[in-house]
């Protein structure tokens, strides 16, 4: 069974705010990991559906730069949304970077777009109708 995906963050509070206020997740736990001087937080869909997102903050990590698009090892997270137009508009007002404007995946496919979280992690938005 697939349990969670972990991504690193350079600012735990900022990332929790982003994923709860803008992406609709619920913070379900947050704790210190003294063994590696880190803090982790788990978030999930408010209804408890799907796998969890773990945010990891390593206090000793000094270099925090995403590789250029072609050089990234981790590709993206994906979120299903109800209304692409409303979502993109709200995200733009909050100064979120939209890396790929909405486009259809084929004539009958879903509408998708890509944004970045505060640390540059790519997020795919998917609207199915």
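The values are calculated or read from the model by the stated rules, or taken from the named source; none is laboratory data. Predicted, not measured: the structure shown is a model, and the values here were computed from it. With ideal geometry, Cβ positions are generated from the backbone for all residues, glycine too; neighbour counts draw on all protein chains shown.
Note down all Cβ pairs under 8 Å where the first residue falls in the stretch 15-27 and is exposed (fewer than 14 other Cβ atoms within 10 Å of the Cβ), the second is modelled with pLDDT of 95 or more and assigned to a helix (DSSP H, G or I), and they're at least six residues apart or on different chains.
Every condition considered, the pairs that remain are 26/20.
Test residue 49 against the criterion of being modelled with pLDDT of 95 or more, over 20 Å from residue 11 (Cα atoms), out of contact with any strand residue (DSSP E or B) (no Cβ under 6 Å at 6 or more places or on another chain) and surrounded by fewer than 10 Cβ atoms within 10 Å (Cβ to Cβ), and give yes or no.
Considered against the rule, which asks whether it is modelled with pLDDT of 95 or more, over 20 Å from residue 11 (Cα atoms), out of contact with any strand residue (DSSP E or B) (no Cβ under 6 Å at 6 or more places or on another chain) and surrounded by fewer than 10 Cβ atoms within 10 Å (Cβ to Cβ), residue 49 comes out as no.
So how many residues does the stretch 44-76 have that are closer than 14 Å to residue 23 by Cβ and in a strand (DSSP E or B)?
Residues that pass the stated criteria total 4.
Looking at the stretch 77-102, which of its residues are surrounded by 11 or more Cβ atoms within 10 Å (Cβ to Cβ) and assigned to a strand (DSSP E or B)?
The answer is 77, 78, 79, 80, 81, 98, 99, 100, 102.
Looking at (1) closer than 19 Å to residue 122 by Cβ; (2) in the same structural domain as residue 129 (by TED's automatic domain parsing), which is the only condition residue 55 fails?
(2)
I'd like to verify a number: residues in the stretch 117-129 that are over 17 Å from residue 24 (Cβ atoms) and either assigned to a strand (DSSP E or B) or touching a helix residue (DSSP H, G or I) at 6+ places or on another chain (Cβ under 8 Å) (or both), how many?
Result for the stretch 117-129: 2.
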